[in-house]
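One structure is given below, encoded as structure tokens.
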Amino acid sequence: MSKDFTFTFGIITVSDKGSRGERKDESGPTAEELLKPMGGIMKKYMMVPDEREDIKKAIKEMADSLNIDMILTSGGTGFSPRDVTPEATLEMIERIVPGIPEAMRAESLKATPKAMLSRAVAGIRGRSLIINLPGSPKGVRECLSVVIPVLRHGIETLRGETSECAERK
């Protein structure tokens, strides 16, 4: 990505243990490490428990009040009864973006068949792109590696800075 592109991002780490101070978050800092060199400016970081209302409140603040370009959640996308991040996200988005989690799962399947158990979703609220990521640093790296090549175009389109999606030859 060129140096002239900057965007804001927020990270919401969803973890009961992390929110109680019993576990250090490693996935959120991994996402930050990958996004800063490409022009990302972290505007907000939050750690919330695996509670639907807490997740929704964090997404709403970042999208509606802070107008963050991209909101990443980390954790809460599995099969555990407490894993409610996708449900909270679906309640907050206005438009679904199915290609992002499909591509992330496809990439992760190359590393482990357990990737098909991910329930991650992605969507748009206002002018914010919201993406659910896994709760592990390895999973965050794998999934963001798929998203990064299209990130600039997606964010610029949401901002209204570009409308041309077809490539010209």
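Laid out as a table, the results:
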item: Qualifying positions in segment 1-13 - buried (at least 16 other Cβ atoms within 10 Å of the Cβ) and out of contact with any Lys or Arg (no Cβ under 9 Å at 6 or more places or on another chain); result: T13
item: Those residues of segment 131-153 which are under 19 Å from L90 (Cβ atoms) and open to solvent by 10 Å² or more (accessible area, probe 1.4 Å), in sequence order; result: P134, G135
item: Residues that are open to solvent by 60 Å² or more (accessible area, probe 1.4 Å) and over 15 Å from the mean Cα position of the chain (by Cα), drawn from segment 27-53; result: P37, E51, R52, E53
item: Among the candidates I68, I55, residue that is in a loop (DSSP other than H, G, I, E, B), under 27 Å from R159 (Cα atoms) and either of a type in the set (A, V, I, L, M) or without any contact (Cβ under 8 Å) to a residue 40 or more places away in the chain (or both); result: I68
item: Single match in V97, V84, V150 (criterion: β-branched (V, I, T), more than 16 Å from V14 (Cβ to Cβ) and more than 12 Å from the chain's Cα centre (by Cα)); result: V150
item: Qualifying position, being open to solvent by less than 50 Å² (accessible area, probe 1.4 Å) and within 25 Å of K24 (Cα to Cα), among S128, S80, S118; result: S118
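The values are calculated or read from the model by the stated rules, or taken from the named source; none is laboratory data. Values in this document were obtained by computation on a predicted structure and should not be read as measured data. Every residue, glycine among them, receives a Cβ derived from its backbone with ideal geometry; neighbour counts consider all protein chains shown. Note: accessible area is taken over every heavy atom of the protein model, side chains too, but ligands, DNA and RNA are not part of it. Shrake-Rupley method; radii C 1.70, N 1.55, O 1.52, S 1.80 Å.
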